[in-house]
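Everything below concerns the one structure shown next.
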């Protein structure tokens, strides 16, 4: 009744958007690979992810296996990235270190995103004193520059992997919560959310069903961004020697330790440093691609 | 405007009070008994107890907090556990060094970054923009220690132009210190440059979409007038805030950079203090840094308000 | 060039945008001519291409737009072929624009005076001093009080109406050969709009004008020739009176009929809505663009109609224009058409007047606190507050419609939100079906929620974009009626049918619905629980008129069928008088007048009501009206006037008493109540502001 039988344009459009919807995920991948920069970034990330998963299979030696006879070797066919002053295979340590940094940064980001999302959703939706108090608290936390805060916390918690994890969660939760909250504030004014309130929907239903789907794209972009900063942070803390302790194959720590021999064994610094640089840039380019895909105006 | 100023200052005060509390509480949980740390492993239990009482460590926490804050405000920042010397002169001299490095960095990077950001923004998605954007996207992500080490490799080891170590001896003149400042400042510039440029670009692109740009164009004004007079006036306003935010970024960066170059600033002092579990020193360094960051934010807020008529004539 | 030569001649112009990877025509094959001194109206709904056409004339189409073919001859030159440098000579000097939405059209960080002066320096070669001097003169000409102060102001310091006056001053400053006005009053309140229209009418004298608008009422008042656009095409083009009296395109006729005429109500006329939807840019029909919605369409319409010339001055792109002439001459309309077959529904002509009211408001107040500044806090000043609703009492009888009219800032939305519980009322009583309603939503039980539902303004935000239509409609059935999922599913079809949507729609996502369809679903959702009272807050305001009419009809039918009581809130007095049984007029949070809808257009009126009626743009070139124009604009709710809140703008103010004392409520014999100091007898003597000649 709305359109003449001769020209059912609505129907045609409808068909098209059904197709679009069913393939949202493959569309993201397609979009990431349609720009050379994000294609390179995504590929880099996937390669490192593979290294992290398959590390022990790929690495020819164990992370702390010392081959005294081969110590201080430049790259060769036997040790493609050379060996360090203790005779450890740099290639193996770099490969095995991928798991360390991706696990710390990935898990830390995930936890921060989860807690930040919950806090941001509830705080933004409920408003009132809870919101006011939480936001002022976060303002205070964010008044301390991130690395300074991280160092302070690591000073208390002591240097270990779990401390680094906690630091990432504590430093990034307020940031994620604020981003989520700002979306909630704009979404909760919309008619469909108010209609749900007038239908007597429970708060959890409103948050999950009515509000959360609109938060998702922004959250995905923020997560990608946080992940790239987390990698950055883990590497920097490793370099400062305040996170994990030797002999863990942490790339930042490897760079720090290699500084004493850099004039004689430059490869011990070059490879872990290059790994950090490539991973960080790769994840950045990927995050930029995700942002372009999810937040670009149609 | 006055109301705005009061509000911002009040907010600053509350923030500082709050962070001082956070810092105080956090440092209370540093592992290890402070008195034990000071006296060393061999000291007798009685001596440790005496020192605890003397340092006021047995008092309730609120008492300790207000005593600490009161002393801090009066300039009594306490004695460092590890160096056994007055903290204030040490921290202030390191602060001077850090500020010097920060200022040089800002002076180089802000004009450069803003120019690059504006050029990129005005040429959105053209080759110039893509080059600037991709470069900054790559550079912005690189941890400072990587950039720093690469610069050391090139300028110190290969070209032998500049020192790799920037541990400026106390009492050096600026001319003597200058060569040692170049590489750390350059490293910090890299980080800041990309960051500010990206945000400036976004601001320009956002502003170009505004309707008033069309009004200005359709008045028949020359294109450069539209850009310089109408667009940039609004687009550059947020960069004041951007620079303030990037100051926090710079502080984080400088902590790492100072450790790469052995530069005697607050960042190096902080890592040293954490290493030694030097509680009063950690508190002092952190609080001073937060204060510097907060002041930078206040200045930026005021500048923003001054240049923004929507706030100035509230 | 003789004076008979057109200033602007558009020949077969096609303009396209690059969208979704292909070129799509926004304006297709349009030709028109504007002669010197003419005020040419360009009318169309959203997506008609009218703004694109206006921008093409200025050759300002952005990066994605391009003139694909055709010519735009402006004083002898083809605009499409002029160099960019020459365009800058034309812009602002020979062709000027008064844009829509003055607030965003001015640069927020440059003083208003300088924004005017720069155009004088560029095009008139004035120096700094002369330009500044002339700016003041221009600001004076557009009736701005205290031009000096305005010139020194930044845009945010002056009101929307004043901003638009500045833009008009700017556009006229160079005495352009062509002035383009693009919806210059659309974002303004009706009283401000009337004043701006007066100003435009006065100042454009002798200037050649292209007036772009969606509002037929505005066109009727200001233009002398009109072109109607639909879906990118110019479908009809005629002198003003000719177009209104003898529309020769089915679309034009439908457009004219879908707006309620003043005096028409749901009791004596059904709005004739145009069925269907405006096609989107990528989905326009190949033949006649209006064919899918046309009741006269047949096989011949698959062929694109040429521009028929009925008279030398009257052209239409409709194959069936001759049949339209017959219909207007009294021939019966063909059957089988949506609006023609549906009879007037059984609207209850009388309601049991003794039945208790469904909704009663007693002295309802909604105040919003403005947060303290530090200074105020230190000085212990009381918190400032906006008194959005400041003591409103009214009641609505069962199965009746109360129309609530007010301009922006009147507090009409706050009132609605306080009743449904989306904001907490500050004070006063609200009774629904004789039961007192708790202020807080969380304290209301499910049965209360069921009884009271609301339809919101913006259809784009009415539906959760991530839920299908069916899933949206299922929730209230489960939560409010306690149906099982299976029972709910069978009810969804009925609901869709009730709002005249096909059952397939339950599987659709909102992104695939048009604005009108979204609002239908929102109405279905509100009616799902069979509420006793439905509040519609500007529910049709953001819809195009052709869609608006069908939604109004739908609301009327549902109400009549279900006996629902309706609180209909709108700024549009025409729509409100059409569908209401009684009408309340609000201003700055207070009721000014309340009474039966039938008597609203007859004196006595509250002076504010009188001005509102006088300011409605009526889609009838023959209508003449009393020139009642209000002083300035609505004061900020933060600085509410004392005494009668309307006294600062009242044209009938009688003296100090209006400033110092709150007026009494006066009641007429037929139940009209007026909040005014002026005795009823004097108000009775007022002439009806609209005099039809």
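Every read-out reported here was derived from the displayed coordinates using simple, explicitly stated rules and does not represent laboratory data. Keep in mind the model is a prediction, meaning the values are calculated, not measured. Backbone-built Cβ (ideal geometry, glycine too); neighbour counts: all protein chains shown.
Identify the residues of segment B:285-314 with backbone N under 17 Å of a label point that sits 7 angstrom from the Cα of residue B:83 along the Cα-to-Cβ direction, or state none. Residues B:285-289 fall inside that zone. Among C:318, C:301, the order by Cβ neighbours within 10 angstrom, fewest to most, reads C:301, C:318. Every helix of 4 or more DSSP H residues in chain A counts as -39500 (n - 2.57), and over all residues that averages to -24500 deg cm²/dmol at 222 nm. Among beta bridges from DSSP that stay inside chain C, the antiparallel ones total about 60%.
Take the Cα of residue C:424, step 7 Å toward its Cβ, do the same at residue B:2, and the gap between the two points is 3.6 nm.
Between segment B:110-164 and segment A:235-293, the alpha-carbon centres lie 19 Å apart.
Rounded to the nearest 10 degrees, what's the angle between the helix B:61-73 long axis and the longest principal axis of chain B, both from Cα atoms, 0 to 90? The angle comes out near 60 degrees. If you run the Gaussian network model on chain B, springs between alpha carbon atoms under 10 Å, then out of B:133, B:166, B:85 the most flexible one is B:85. Counting Cβ atoms of other protein chains within 10 Å of each residue's Cβ and taking the mean over peptide C:99-112 gives 5. Using the rule -39500 (n - 2.57) for each DSSP H run of four or more residues, divided by the residues of chain B, the 222 nm mean residue ellipticity is -24500 deg cm²/dmol. Only DSSP H runs of four or more residues enter the estimate; each adds -39500 (n - 2.57), and after division by the residues of chain C the mean residue ellipticity at 222 nm equals -8500 deg cm²/dmol. Which residues in segment C:572-602 have a backbone N closer than 12 Å to a point placed 7 Å from the Cα of residue C:682 along the Cα-to-Cβ line? Counting only backbone N, you get no residues. Peptide B:205-216 has a mean shielding of 5, counted as Cβ atoms of other protein chains within 10 Å of each residue's Cβ. If R0 equals 25 Å, the separation of the Cβ atoms of residue C:668 and residue C:395 corresponds to a calculated FRET efficiency of about 0.90.
Can you sort C:249, B:224, C:140 by how many other beta carbons sit within 10 Å, fewest first?
Values: C:249 28, B:224 8, C:140 15.
Listing C:249, B:224, C:140 from fewest to most nearby Cβ atoms yields B:224, C:140, C:249.
Of all the options A:235, A:98, A:146, the one that moves most in a Gaussian network model of chain A with Cα springs shorter than 10 angstrom is A:146. Estimated from the Cβ-Cβ distance and a Förster radius of 25 angstrom, the FRET efficiency linking residue B:245 and residue B:99 is about 0.85.
A Förster radius of 30 Å, combined with the Cβ-Cβ distance separating residue A:182 from residue B:211, puts the computed FRET efficiency at roughly 0.80. Computed from label points 7 Å out along Cα-Cβ, the spacing between residue C:329 and residue B:165 is 10.8 nm. Between residue C:156 and residue C:302, the contour length at 0.36 nm per residue exceeds the alpha carbon distance by 47.4 nm.
Taking the longest Cα principal axis of chain B as reference, the axis of helix B:87-122 is set at about 20 degrees. Here the label points at residue C:202 and residue C:283, each 7 Å from Cα along the C-beta direction, are separated by 4.7 nm in the simple model.
Where in segment C:41-80 does the amide nitrogen come within less than 12 Å of the point 7 Å from the Cα of residue C:12, taken along Cα to Cβ? C:69-71, by backbone N distance to the label point. Of all DSSP-defined beta bridges confined to the protein assembly as shown, some 65% are antiparallel rather than parallel.
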